[in-house]
Amino acid sequence: MADPSSYRPRPGEIPDTPGVYRFRDEHRRVIYVGKAKSLRQRLANYFQDLTNLHPRTRTMVTTAASVEWTVVSTEVEALQLEYSWIKEFDPRFNVKYRDDKSYPYLAVTMNEEFPRVQVMRGHKRKGVRYFGPYGHAWAIRDTVDLLLRVFPVRTCSAGVFKNATRTGRPCLLGYIGKCSAPCVGRVSEEEHRELADEFCDFMAGRTGTYIRRLEKQMAEAAEDMEYERAARLRDDIEALKKAMEKSAVVLADATDADLIAVAEDELEAAVQIFHVRGGRVRGQRGWVTDKVEDVTTGALVEHALQQLYGEEKGDSVPKEVLVPALPEPVEPVQEWLAGRRGSNVSLRIPQRGDKKALMETVERNAQQALVLHKTKRASDLTTRSRALEEIAEALDLVSAPLRIECYDISHLQGDDVVASMVVFEDGLQRKSEYRRFQIKGFEGQDDVRSMHEVINRRFRRYLAEKEKTGEWADGEDALTEEDGRPKKFAYPPQLVVVDGGRPQVAAAKKALDELGIDDVAVCGLAKRLEEVWLPDEEDPVVLPRTSEGLYLLQRVRDEAHRFAITYQRSKRAKRFRSSPLDDVPGLGDTRKQALLKHFGSLKKLRSATIDQICEVPGIGRKTAETIAVALAQAAPAAPAVNTATGEIMEEEPGTMGSSGEPVTTGAPDERRGQET
């Protein structure tokens with residue numbers, strides 16, 4: 001590990017101009033490439049107290065052994081040079097693009113004597129029209145198969161074409177009418193090229209002209225009683241419409257735009273791109289970005305733009321690029337995109353309307369891509385085993401923690417304080433073992449004290465189960481109920497993870513010590529810098545950013561947070577939905593709904609007489625008297641007031657607050673786990 005001060009440039013050596021810099025390790029390998037508006041100011045940020053640096057940046061500067069830079073004239077040149085060097089050197093600390101395979105395009109080789117329609121990947125060639133990219137090659141073939149009825153362009157390879165020319169016999173597509181067979185002279189070179197031009201026009205979005213032309217020809221054929229020709233034209237129209245349905249209109253103004261969305265966490269980010277041409281989604285692509293460096297969403301967008309358009313020119317760069325966040329600064333990036341296109345490019349964040357709605361769709365796709373990537377990664381047995389081994393090694397455990405329990409505290413400004421316990425066994429979720437806790441020992445906001453109470457209650461239950469069943473030498477049966485299900489707290493974890501830093505870890509350790517439990521390891525994962533804290537340790541354990549062990553701990557922590565906040569929200573919603581009718585013994589949900597449906601609101605029910613209440617089906621006089629007493633004892637709250645108009649809002653039938661007034665309800669309760 002190198003000391004950054006050993007290779008820090010001397011004062012005044014670094015120019016105060018735009019440029020690109022490279023950090024190299026002791027073997028002269030480039031490990032990081034960056035650009036800057038001012039090289040002097042940017043590089044000074046790397047050579048400061050290591051404790052002030054982000055852990056990923058700290059790892060980079062201590063791995064490096066030298067730094068060098070190249071001065072350029074403008075920020076746009078810096079952007080271009082940075083992209084070229086990242087492509088050339090593939091630095092380990094720059095953003096990595098995973099699963100960035102070559103996406104297939106629908107290509108028409110207009111540079112050939114007889115243009116050919118085919119699937120193409122890789123670098124784009126001069127004189128070839130491209131459409132896409134598509135997610136799968138089969139999607140291209142399905143589209144082409146539909147369009148060949150109307151535009152029978154050549155699709156065969158050069159070898160098949162030459163063989164057909166030599167023998168004078170076309171291929172199967174020529175016999176069934178899906179190729180105009182220029183190989184045997186059925187159409188001339190000019191006629192075939194015109195077909196290819198029409199095919200390209202249709203794929204470019206100019207569809208209305210051909211649909212209307214075919215409909216007119218069909219009508220004329222029907223008038224001339226050429227019914228077979230009219231039927232063929234009808235089928236051609238249906239084929240074109242079916243091809244158009246595969247890319248529905250999403251933007252009514254025939255917009256050409258690319259929409260980029262990013263879903264990210266501490267370690268990774270999923271990038272999704274929708275390519276809209278002529279108002280239709282013509283293609284979709286995406287990749288998972290490994291966040292090796294500490295980057296903002298705007299920086300991720302900038303990297304995505306470099307990846308997308310670094311090798312593109314002309315119309316391949318659309319007029320409009322919609323993003324979730326703008327790079328900082330945005331002007332050089334816009335100028336660079338304009339240079340690639342040859343005209344102005346609008347780079348902006350959509351604020352309203354159809355474009356905003358479509359961006360939300362792209363963002364949902366990015367979220368799903370990130371979840372899918374994490375699921376695939378977590379389901380791999382080898383990866384899970386390596387993660388558990390890394391955790392055991394980092395925390396100095398005797399063996400891999402096959403059962404991990406994680407605890408999190410959730411509340412809203414000190415109200416409805418709850419805790420969650422989630423369980424991972426062999427690196428996978430064990431949702432049947434999840435538990436939920438209400439904090440009962442005190443009121444108010446104190447996460448440390450809450451953590452102590454939860455750990456104490458959980459392991460007191462464990463000790464009680466152990467005492468009840470005797471030592472585990474009696475076998476597995478002692479740990480299960482009569483129906484074969486595991487007892488609630490019978491199994492102890494090898495590792496307890498708490499969401500938080502040193503205070504929460506100390507509270508959990510204190511609770512275990514008070515109960516005399518010394519065979520359960522404890523650690524905490526602090527969200528800000530993803531540091532792992534151990535009891536009685538002054539400094540945290542910093543796992544490598546690429547560590548599978550850190551990834552597993554993050555998943556456990558995030559799941560505990562999700563489960564806790566879901567429970568807390570459900571409790572808050574339930575409290576808001578409470579009603580004086582809840583206190584009436586024997587009055588279930590069905591008769592409550594019948595009462596509200598009959599009277600229309602709790603306010604009218606409160607003013608009703610006992611005889612009127614008895615008119616509701618299923619309500620006897622004794623129950624009616626109990627209801628009347630319960631409503632009389634519950635003091636009504638002040639009426640709701642519209643603060644904008646000063647109008648007193650009438651109570652509406654439906655959900656009621658604690659005083660019987662209607663309120664907005666929260667999210668439905670998640671039914672997993674058990675409350676304790």
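Max-minus-min Cα coordinates of the stretch 101-196 on each principal axis give 40, 26, 23 Å, with the largest extent listed first. Remark: the stretch 494-510, residue by residue, has Karplus-estimated 3J(HN,Hα) of 8, 9, 9, 10, 10, 7, x, x, 4, x, 5, 5, 4, 5, 5, 5, 4 Hz, where x stands for each Gly or Pro and the curve is 6.51 cos²θ - 1.76 cosθ + 1.60 at θ = phi - 60°. Only Lys, Arg, Asp and Glu carry charge here, each on its Cβ (+1 for the first two, -1 for the last two); on that basis the stretch 383-465 has a dipole of about 380 debye about its Cα centre.
Give me the percent relative contact order of the stretch 328-464, please, defined on Cα pairs under 8 angstrom at least 6 residues apart. Relative contact order for the stretch 328-464 comes out at 14 percent.
Compute the semi-axes of the equivalent ellipsoid of the stretch 1-133, taking the square root of 5 times each eigenvalue of the Cα gyration tensor, and list them largest first in whole Å. Intermediate results must be reported in sequence, preceding the final value.
Values: eigenvalues 335, 59, 25 Å².
Sorted largest first and rounded, they come to 41, 17, 11 Å.
Shown are F114, F563, F89, whose ranking by accessible area with a 1.4 Å probe and every protein chain present, most to least, is F89, F114, F563.
Does the stretch 336-462 come out rounded, prolate or oblate by the C-alpha gyration tensor, with a ≥ b ≥ c the root eigenvalues, rounded set by a/c under 1.5 and, if not, prolate when a/b is larger than b/c and oblate if not? Oblate is the answer for the stretch 336-462, as a/c is 1.5 or above yet b/c matches or exceeds a/b.
Scalar couplings 3J(HN,Hα) for the stretch 449-462, obtained by applying the Karplus form with A = 6.51, B = -1.76, C = 1.60 to θ = phi - 60°, are 5, 4, 5, 4, 5, 5, 4, 4, 5, 4, 7, 5, 5, 4 Hz; x denotes Gly and Pro. Look at the dipole of the stretch 103-238 built from charges on Cβ: of A221, G159, L195, the Cα furthest out on the positive end belongs to G159. Using only the Cα atoms of the stretch 287-338, each taken as one equal point scatterer with no solvent, compute I(q) by the Debye sum, divide by I(0), and report log10 of the ratio at q = 0.15, 0.24 Å⁻¹. Here the Debye-derived log intensity ratios amount to -0.42, -1.02.
Legend: residue pairs K571/K603; K124/K216; K466/K510, Cα-Cα distance threshold 32 Å; pairs beyond threshold, K124/K216. Expressed as a whole percent, the accessible surface of the stretch 259-372 that belongs to carbon and sulfur atoms is 44, based on a 1.4 Å probe. Between the residues V317, T375, P327, the greatest Cα displacement towards the positive end of the dipole of the stretch 286-434, with unit charges on the Cβ of Lys, Arg, Asp and Glu, is found for V317. In sequence order, the stretch 213-225 has phi-based couplings of 5, 5, 5, 5, 5, 5, 5, 5, 5, 5, 5, 7, 6 Hz under the Karplus curve 6.51 cos²θ - 1.76 cosθ + 1.60, θ = phi - 60°, and Gly or Pro positions carry x. A 1.4 Å probe over all protein chains sorts M421, M110 by accessible area into M110, M421, starting with the largest.
The values are calculated or read from the model by the stated rules, or taken from the named source; none is laboratory data. Values in this document were obtained by computation on a predicted structure and should not be read as measured data. As a convention, Cβ positions derive from the backbone with ideal geometry for all residues, glycine included, and neighbour counts pool all protein chains shown. Calculation scope for accessible area: heavy atoms of the full protein, side chains included, ligands and nucleic acids excluded. Shrake-Rupley method; radii C 1.70, N 1.55, O 1.52, S 1.80 Å.
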